[in-house]
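**Student:** Attaching a single structure in structure tokens format; questions to follow.
The values are calculated or read from the model by the stated rules, or taken from the named source; none is laboratory data. No experiment lies behind these values; they were computed from the predicted model shown. Cβ sites come from the backbone with ideal geometry, for glycine too, and all protein chains shown count toward neighbours.
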Amino acid sequence: MLLGLILLITTLAACLLITHPPVWFPVAITGPAHAFDGQFTWTLWVTGILFIAAQLLLAGIILRRRAANSVPAPSSSGVRASLLAAAAMIAVEVALAAHGSSPLSHATAKNPEIIEVYAHQFAWNFRYPGPDGVFGRVKTEFIADAAGNPVGIDPSDSRGNDDVVVSTLRIPAGRPVRLMLHSRDVIHDFFVRELRTKQDIVPGMEIPLDVLADRPGQYEIACAELCGLAHNQMHGVLLVMPAEDYDQWKLKH
Ligand SMILES: [Cu+2]
């Protein structure tokens with residue numbers, strides 16, 4: 001009786017979770033993020049229905065055995081049915097995995113706007129190439145936070161004179177952007193919940209991350225790699241601006 005009740009409550013809770021889902025995630029702002037949410041909903045429905053079916057089957061078997069008050073010997077047809085059910089489950093899971101692989105594979109954007117991201121303990125900096133459209137050379141020896149050169153722009157390279165280094169990441173909505181991720185010190189991780197993306201940033205490497213945001217707004221950039229004592233304070237701001245506002249902002253810098 002108690003077992004039946006527990007089964008009933010868990011099945012009911014599973015039904016409610018599917019029919020009245022809580023707000024699982026913050027708003028999605030890119031195509032892959034929307035696809036991620038779609039995949040999550042698919043997975044929840046398919047596995048939820050399988051779970052409920054399994055619970056009902058289990059409850060039915062228990063009640064029948066209790067009524068008969070006996071435990072019959074395993075039959076070959078029963079074993080066959082179990083194997084078939086297991087094979088069906090595996091096929092469903094493989095299909096789900098195959099369906100889910102496409103949201104996670106990002107298409108490479110054509111002519112993206114390039115913005116450099118520099119992570120260090122425990123802050124973010126972002127570099128834009130300025131009016132000339134070319135980034136100046138950077139060298140570790142020129143890194144000087146107090147002097148306003150947190151990314152180490154080489155003063156002898158004139159291409160870097162107009163580079164813009166800021167602590168808020170501004171990108172235009174509706175246009176492809178390629179973030180080139182750099183670390184000054186240890187491994188960090190660029191994480192914006194609304195992008196549904198986490199990307200490790202490894203010192204000595206330049207890692208591209210394509211983003212095409214479709215919704216203006218202000219979002220949090222968090223470091224998702226434990227990178228030191230003040231890791232929890234390593235926040236940044238991603239500002240997705242209407243494209244015209246973004247162009248205006250660039251003209252002023
Ligand atoms: Cu970090």
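**Student:** Would you point out the residue of the range 215-238, among those that are within 9 Å of the ligand (Cβ to nearest atom) and not small (Gly, Ala, Ser), that is farthest from residue 165 (Cα to Cα)?
**Tutor:** 226
**Student:** So which residues in the range 124-149 are within 16 Å of the ligand (Cβ to nearest atom) and modelled with pLDDT of 95 or more?
**Tutor:** Listed by number, the residues that qualify are 124, 125, 126.
**Student:** Can you tell me which residue among 251, 195, 181 is within 16 Å of the ligand (Cβ to nearest atom) and not acidic (Asp, Glu)?
**Tutor:** Only one candidate passes the filter, namely 181.
**Student:** Please find, within the range 206-253, the residue that is surrounded by the fewest Cβ atoms within 10 Å (Cβ to Cβ) out of those that are more than 20 Å from residue 175 (Cβ to Cβ) and out of contact with any strand residue (DSSP E or B) (no Cβ under 8 Å at 6 or more places or on another chain).
**Tutor:** Of everything passing the filter in the range 206-253, 229 is surrounded by the fewest Cβ atoms within 10 Å (Cβ to Cβ).
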